[in-house]
Amino acid sequence: MKAFPFTITIVLAFSSLTILAFGDTAEFQPTIGNKSSPPAKAPEGMVWIPGGEFSMGASTNGHGTDEMPMASNDAEPVHRVRVDGFWMDATAVTNEEFERFVRATGYVTIAERTPTKEEFAGGVVFAPTDHEVALTDHYQWWSYVKGANWRHPQGPESDIKGKEKYPVVQVAYPDAEAYAKWAGKRLPTEAEFEFASRGGLSGKTYVWGDEFRPGGKWMANTWQGKFPVKDAVEDGYAGIAPVKSFPPNGYGLYDMAGNVWEWCSDWYRPDYYKALADKGGVANNPQGPDSPFDPSEPNEKKRVHRGGSFLCNDQYCSRYIVGTRGKGEVNTGTNHLGFRCVMSDATQPEKIDKSR
């Protein structure tokens, strides 16, 4: 893990005078799902995502059915994409699943390794402030904590006892990649993640539809109350929730919005969607750009994050909105970032003894 400055996913909402809308029906065309049946019996804990053609991205200047302040122009323009069918973990990888991997392989995560002179042993941790602050300096609520890692997500004094079913966090990209390889899987592309997130819907604001709380029901683990001072816990959770605490989307996937951000395999570039759109036609199984580039930190190598987290809210970061994007330096873990895996093969991976 590199030393300061660290990289996290942040976005500042526009003032209440500026309204941005998602779900512009002029830009979003219907999702055309593949009609083929699952090629085999579902691997344990995974669901079949049929793939197909869909409109990818988020419309920030349209007039959709739901309005939300949001400052994000890296999810435009909306463009057509086709992805093949694949299997996807129904939930983010949990602490107990990651622990089985560590026990079987002896793997040591980046946050746990002895650092070089230029590196830092630990992880990035959120801590609420004790008073209202201007939302222009994220260092007021984020900091590196020595000894923070997947076993101790908030620092040495914390642990994961009793949290076996919670998403594993404080995993850097190489850590997630190592787990996926061990499990006979891989990390999803950004296009696969968004197709799966939409659950067969097209142009909706959220993975479940256009209403944030349909019938007054909480659909995702997000932040309520004044950010970053105190989470009002109206949705029942302060911080991360166990997987499957909220309803699944149309494909049977849990927490595709909120709870924890998730790694995707694509390098991050803010202009990648424009590059695809400029080519015209339908992008077929896009794998992301050949190299990363973030103008705000041009020397950092970043991969895409998707889904938002328990910290997302309409005051500061509303990237639980489907189609929006996050980013993170590949060797940096945080206490609101996890991952899930996919499989594109029709056959199940070689059986691995995960009981050790």
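Only the coordinates and a few stated rules stand behind these numbers; no lab work does. The model shown is predicted, which means the values in this text are computed figures rather than measured ones. With ideal geometry, Cβ positions are generated from the backbone for all residues, glycine too; neighbour counts draw on all protein chains shown.
Computed from label points 7 Å out along Cα-Cβ, the spacing between ASN34 and GLU96 is 3.2 nm. Look at the Cα gyration tensor of the stretch 196-312: its axes a ≥ b ≥ c give a/c of at least 1.5 with a/b at or below b/c, and that counts as oblate.
A DSSP coil position with no more than 11 other Cβ atoms inside 10 Å describes the following GluC sites (Glu not before Pro) in the stretch 151-186: GLU157. Taking GluC sites (Glu not before Pro) across the stretch 226-319, the ones in a DSSP loop with at most 13 further Cβ atoms lying within 10 angstrom of their Cβ are GLU234.
In whole Å, what is the distance between the alpha-carbon centres of the stretch 155-195 and the stretch 265-302? The distance from the Cα centre of the stretch 155-195 to that of the stretch 265-302 comes to 23 Å.
Using a cut-off of 23 Å between Cα atoms, the listed pairs LYS165/LYS185; LYS35/LYS165; LYS163/LYS204; LYS41/LYS185; LYS163/LYS302 include LYS35/LYS165; LYS163/LYS204; LYS163/LYS302 as exceeding that distance. For the stretch 186-238, the square roots a ≥ b ≥ c of the C-alpha gyration tensor eigenvalues yield an a/c of 1.5 or more together with a/b not exceeding b/c, which makes the shape oblate.
For the pair LYS244 and ARG103 in one chain, pulling the backbone fully straight at 0.36 nm per residue adds 48.3 nm over the alpha carbon distance. About the centre of its Cα atoms, the stretch 213-261 shows a dipole size close to 80 debye [charges on the beta carbon of Lys, Arg (+1) and Asp, Glu (-1) only; nearest 20 debye].
Please tell me which of these pairs span more than 32 angstrom C-alpha to C-alpha: LYS217/LYS274; LYS279/LYS301; LYS274/LYS301? Going by Cα-Cα distance, LYS217/LYS274 fall outside the 32 Å limit.
A Förster distance of 35 Å, applied to the separation of the beta-carbon atoms of SER143 and VAL282, puts the FRET efficiency at 0.20. Here the calculated FRET efficiency for ALA275 and ASN299, from their Cβ-Cβ distance with R0 = 30 Å, stands at 0.90, rounded to the nearest 0.05. Seen from GLY51, the other residues with C-beta closer than 11 Å to its C-beta sum to a net charge of -1, counting Lys and Arg as +1 and Asp and Glu as -1.
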